[in-house]
Each structure stands twice: as C-alpha cells, then as structure tokens.
1. Compute the convex hull volume of the Cα atoms of segment B:1-98, divide it by the residue count, and report the result per residue in Å³ as a whole number.
2. Placing +1 on the Cβ of each Lys and Arg and -1 on the Cβ of each Asp and Glu in the protein assembly as shown, which of A:102, A:185, A:147 has its Cα farthest towards the positive end of the resulting dipole?
3. Can you give me the long-range amide H partners of residue A:27? Hydrogens built in the peptide plane at 1.01 Å from N, cutoff under 5 Å, separation of 5 or more residues or another chain.
4. Find which of A:173, A:10, A:49 sits farthest along the positive direction of the dipole of the protein assembly as shown, computed with +1 on the beta-carbon of Lys and Arg, -1 on that of Asp and Glu, about the Cα centre.
5. Distances over 25 Å make up what percent of all Cα-Cα pairs in segment A:57-175?
6. How about segment A:144-253: which trypsin sites (Lys or Arg not before Pro) there are in a DSSP loop, with at most 14 other Cβ atoms within 10 Å of their Cβ?
7. Express the Stokes-Einstein translational diffusion coefficient of segment A:1-94 in µm² s⁻¹, to the nearest whole number, given a Kirkwood radius over alpha-carbon pairs, 25 °C and a viscosity of 0.890 mPa s.
8. Divide, for segment B:107-156, the radius of gyration over alpha carbons by 2.2 N^0.38 Å, where N is the residue count.
Amino acid sequence: MISVRNLHKSFGDQHVLRGIDVDLKPGKCNLIIGLSGSGKTVMLKSILGLIQPDEGTILYDGRNLREMEHSDARKVRQEMGMVFQGSALFTSQSIEENVRLPLDFFTSMSAAEKKERVRFCLERVRIENAAHKYPAELSGGMQKRVAIARAIVLNPKYLFCDEPNSGLDPETSLVIDALIQDITHEYGMTTVINTHDMNSVLEIGEHVLLLKGGEKVWEGTNDEILEAENPAVVDYVFRSNLMKRVRTALSGQ
Amino acid sequence: MIYRFFAELGAYWIFLRQVFRRPERFAEYRKAFWRDVDALGVKTLPLVVIISLFMGAVVTIQTALNLEDPLIPRYYIAIAVRESILLEFAPTIVSLILAGIVGSNISGSLGNMRITEQIDALEVMGINPAGFLVLPKILANVLFSPVLLIFSMAGGLVGGYLAGWWLGLLSPGEFLLGLRLEFQPFYIAYSVFKMTVFAFFIASVPSFFGYRVKGGPLEVGHASTQAVIATILAIILFNYILTNLILQ
C-alpha cells in the first residue's frame, strides 16, 4: 500500500498541494482525477519522488523513500513501473532495447532469458511484432503499449500512469484502460493513474480520488461517483454535455 | 549578475557530483561509452581533418606573405606554421569548432530527452540519469580528444606543406627542414593536455545546460545556444590560464 500523509507542495506563491492524506489501495486501480491545475501531476510526481514535497510523508509499504540511503531508494524504485504521458520511450533505441533496459541494469539474467522476458511482455501488451521497430515508427497507442511493457518488465509492485489516454482515440483508450486493469489484477499491483478522462474513471476507477485546488475533495469508487452529492464531484463529473444527458437519463429512471 | 554566475557555478558543481556517482552497472556504461566515442569522436574526425588542412594552408600563405624578405630563409615559414599549428590552432581552434558541433548536439539531445520525460523515466527506473547519459560522453570526449588532436596537427601540417608547394611559397625540402628544426616534443604534450581540458568542457558544459532544460523545443534551442557560448568562454579562459601556467 502507498500511504500519503499531509502532502504539501508550493511553487513560489502558488500552493499546489494542500495537505493531502490518502491510502492508495493495493491490487486496485487508484485514479487521481481533477481539472487541469488541480495538482494531479504534482501529486503523482511527488509520490514517485521526481518532485520533493515541502511537507508530508509518502510510505511504500511503510518505507519512506526520502529517508533512505541512495542505494536503498534505488531498490524501491526497481519495484516501480511508470507509463509517462508521452510514453517517454528512448528514441535512439529499438522497442526491444527499450523494454530490455531495466533488465540490463538490474538483473543478472542471461541474454536468452532477457529476450524471452521481453518477448513475454511485448506479447502481454499484444505488440510482439514491433520488437525491432523504433518508437518513431509506431502510433501513439502502440507507443503506450510499449511503455506499459517496459513498466512491467521487472514485475513491479507499483505501477504509475500519467494520463495514459492522452492523445488517443476513444477506442484505443478503452483498450489501454482494459490492459492496465488486467495487468493490475493479474500481478496484484498497486496502480496509480492520473487522468481526467471520465471514461477511464467509469471503466477502471476502483478507487477514485478527486482533487480541487490542491485538496482532496472526494474519495470513492466508480460506482459511487455518479451518485455522489458532493458539489465538487457533481461539478466535475457532469461538466460535459454527454454526462449532463447521462444525469438527466439517470434521474428520469 | 555576479550572484547568478556563482549560483550557476555551484549548480554545475552539484551536477558534476551527480555525474561522477558510482555507476549502477559498468557494462551498460561501457556500451554507452563506445556509442559516444563513435558519435562524438569518430564521426567528427573527417570534419576536423578537413578544417585542419585548410587552416594549415591559410597559415602558410599568411606567414609567407609576412616573411617576404630575402634575408630570412624560407624554411622559417615552416617553423612558424609548425609552432602555430601545434601550440594554438590544433588544440584551441579545433576545440572551439567542436564546442559548436558537439556541444549543440549534446545539449540538444539531452534537452530533448528532458522535455519528453526520458530523463524522468530513467530516474523512476532507479538509474542515475546524469551518470548514465553524461559520464560516457565526458569520458569519450576526453579520451578521444588526443586522437582528434593528432589528426588535426597532421592535417594542418599537410595542408601547409601542400599550399607551400602548390603556390610556390617554399619547396617541399625547405618545408620539411623547417618542420624538424629546433622541434620541441614538449609542445605536443602541452597541446594534448590543453585539448583534454577543453574536451572535458565540451562534453560537460553542454550536458549541464541540456540536462536542466524546462519547457519545450524553444527552450531546448535556447539552452543549446547558451551551452555553446558558455563552452567557448570556458575554453578561451582556460586557454589563457593554461598557457600562462605552462609556457611562462
């Protein structure tokens, strides 16, 4: 479990996170949602240790990354996989090399074992034929799949996804959502997804956290979110015309 | 202005400490090193040779024009060309050119990696991005720089020889005599040392600017320009300091 306690972060005069407390549930898809500027990305990057919070603690199964020696923190990092918004694949390396990189650094596997593990991961995300291609030769959706394969290659305990559906068409978004959810359940990972896509919230939001102005204003599940009476949730969820129609339809039933 | 300079100098020092942290796995760093030797060293070699050939030719023509006195032996032209090429043109001018070519390449590629979150991806994996991306570049540049220097010296002297012979400024015999006369091998060691110091700056300064880019492609371009200017200034400053310390 990842526990976030009293998380604060400011940039100059701008207070981006204001004392967030949350336990991110193991074996489930935890979604951080909110409007642009609500602090989602800063919260995700703080949890990852890419941004140093001003105050607060983040515990990975009771272990505090900030208080560890560099070598111990590195070991915890090997338990993390991350899918970046733009995929962040290494453009000068082939897909196979991209996925193999964590294995090259952190395992003593033989070349044949690494090849087999990479093949398995690429097959798991259904992109095995692209092993020898380069990132620039792939579509956005395929790049996301490669990023997922790279994130799971070391069998991580924690999977983080920053806007996994950004720039993807609705159909590919559903495929990526389903893939993340399947992998989360299959490997029992703690998955943390930063998104503002309501489709994702409704499809895979087993534990949803709504941020507004840097504060946690609501916490619940995808089943509860449509019926929540919290004004901030109503305002966020039923902002689009489509969702307004859904609400009208629901209230008419 | 002074405060900012020292703040930047401090940030550069902290960055170097991060770069020289113990590698997670030597084998991966070694692979990156050979890739960088090819990209930053071997691929720039033809350009360095071409530049040096013409540089040597121009130095010969200009020296010959300034020594048009029947009392001065023609082989003095070759001596002047040799001293200019070995002491200054090969290490300093070639380094200044490399600062533009290699420096903008390094700064641009690292800046692009930063804005596309590739550096963050390495960090999340538990890899020290500064070490993995920059240390091989510094080592490749520093260790390959003597090779570039020797080719540059040879290119410059061949260029001078050909220009002298082709334009009838001095005979091949006079040129070769001038090259050998009162030759001091120490000048080669001095130049190699100078070039090695410059090579360190050519790799590390642009890496520093590229590594900490914030923003988008425009900022990457801006960082590349700043990186080249800072590298050139560092080379010029240290050229003065080293010349003063070693040759005085």
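Quick note: the coordinates plus some simple rules give every number you see, no bench work behind them. Keep in mind that this is a model prediction, so the values were computed, not measured. Methodologically, a virtual Cβ is constructed for each residue, glycine included, from the backbone with ideal geometry; neighbour enumeration extends over all protein chains shown.
1. 160 Å³
2. Farthest towards the positive pole: A:102.
3. So residue A:27 has HN proximity to A:189, A:190, A:191.
4. Sorting the options by dipole projection puts first A:49.
5. Here the tail beyond 25 Å accounts for 26 percent of pairs.
6. Listed in order of number, the matching sites are A:239.
7. 168 µm²/s
8. Normalised by 2.2 N^0.38 Å, the Cα Rg of segment B:107-156 equals 1.59.
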